[in-house]
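The values are calculated or read from the model by the stated rules, or taken from the named source; none is laboratory data. These figures come from a predicted structure and were not determined experimentally. As a convention, Cβ positions derive from the backbone with ideal geometry for all residues, glycine included, and neighbour counts pool all protein chains shown. In case anyone asks, the SASA skips ligands and DNA or RNA and just uses the protein heavy atoms, side chains included. Shrake-Rupley method; radii C 1.70, N 1.55, O 1.52, S 1.80 Å.
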Amino acid sequence: LAKTTQPISMDSYEGQEVNITCSHNNIATNDYITWYQQFPSQGPRFIIQGYKTKVTNEVASLFIPADRKSSTLSLPRVSLSDTAVYYCLVAFKAGGFKTIFGAGTRLFVKA
Amino acid sequence: DTEVTQTPKHLVMGMTNKKSLKCEQHMGHRAMYWYKQKAKKPPELMFVYSYEKLSINESVPSRFSPECPNSSLLNLHLHALQPEDSALYLCASSQGLQGTRDQSYNEQFFGPGTRLTVL
């Protein structure tokens, strides 16, 4: 079963743009790439989802190249409250749709 | 109501106990999920229910027994657990299963989890 790969951790400062990349070589043709945010002792929270090219919402942008083997979550102007773990999630068709979380990227935002 | 609720928040049980975790959503979602999350690890998928039928079982040991009594409720029955089963158990729901082209089907709403400790 294919793995998704993300950087283990990243540091940033308030007001900076943060880009987190996820590799997913064996993504299924019909699958969407989804990113979640998780704070300690809470369930993950949906951030953004896309299929290809670029998607933007009020909190983030998602860039997906044509081959869809990777995706990049972009957080504009981060604040201290964006300190969290960020997971990318894809589903692999294997007798159903298995949802596989990446290992997660721990983002630390400093003042 | 865009909330998934889970009870209890915390559970401590012995290896011979039988207990149940409960999950509820009233968003009309037809897919519900159980995940297990160990400290500093990503959530691991355990079970998926679609339209109240078990569609995915990720080779979970039989001491974990899921149940979906109706479209709003999901239970996880626990029996003869081991200390290594101690973890945060997360429930989630979505309109449908991932893999459809309709984006709204794919977003999973997670509950706050049940922190389980097995002594």
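Checking the condition more than 30 Å from B:Thr114 (Cβ to Cβ), under 13 Å from the mean Cα position of the chain (by Cα) and of a type in the set (Phe, Trp, Tyr), which residue from A:Phe63, A:Phe46 passes? First the steps, then the outcome.
Values: A:Phe46 fails: more than 30 Å from B:Thr114 (Cβ to Cβ).
That would be A:Phe63, the only listed residue that is more than 30 Å from B:Thr114 (Cβ to Cβ), under 13 Å from the mean Cα position of the chain (by Cα) and of a type in the set (Phe, Trp, Tyr).
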Show the residue pairs that are 6+ apart or on different chains and have beta-carbon atoms under 9 Å apart, the first residue being within segment B:25-42 and more than 20 Å from B:Pro66 (Cα to Cα) and within 9 Å of chain A (Cβ to nearest Cβ), the second being open to solvent by 10 Å² or more (accessible area, probe 1.4 Å) and of a type in the set (A, V, I, L, M). B:Lys40/A:Val85; B:Lys41/A:Ala103; B:Pro42/A:Val85; B:Pro42/A:Ile100; B:Pro42/A:Ala103
Of the residues that make up segment A:20-36, is at least one polar (S, T, N, Q), closer than 21 Å to B:Glu107 by Cβ and free of Cβ contacts under 8 Å to residues at least 60 places away in the same chain? yes
Answer yes or no: is there a residue in segment B:88-101 that is within 9 Å of chain A (Cβ to nearest Cβ), part of a loop (DSSP other than H, G, I, E, B) and farther than 21 Å from A:Pro44 by Cα. yes
Keeping to segment A:38-58, report how many residues are surrounded by fewer than 21 Cβ atoms within 10 Å (Cβ to Cβ), in contact with a Phe, Trp or Tyr (Cβ under 7 Å, 6 or more places away or on another chain) and more than 9 Å from chain B (Cβ to nearest Cβ). 2
State yes or no: is A:Ile20 assigned to a strand (DSSP E or B), in contact with a Phe, Trp or Tyr (Cβ under 6 Å, 6 or more places away or on another chain), of a type in the set (A, V, I, L, M) and closer than 24 Å to B:Gln95 by Cβ? no
Just for segment B:73-98: of the residues that are closer than 18 Å to B:Val12 by Cβ and of a type in the set (Ser, Thr, Tyr), which one is most open to solvent (accessible area, probe 1.4 Å)? B:Ser86
Would you mind listing the strands (runs of 3 or more DSSP E) fully within segment B:1-72 where at least 2 residues are open to solvent by less than 20 Å² (accessible area, probe 1.4 Å) and within 22 Å of A:Trp35 (Cα to Cα)? B:31-37, B:44-50
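Among the listed residues A:Lys54, A:Lys69, identify the single one that is without any contact (Cβ under 8 Å) to a residue 40 or more places away in the chain, over 19 Å from B:Ser94 (Cβ atoms) and in contact with a Ser or Thr (Cβ under 8 Å, 6 or more places away or on another chain).
Only one candidate qualifies: A:Lys54.
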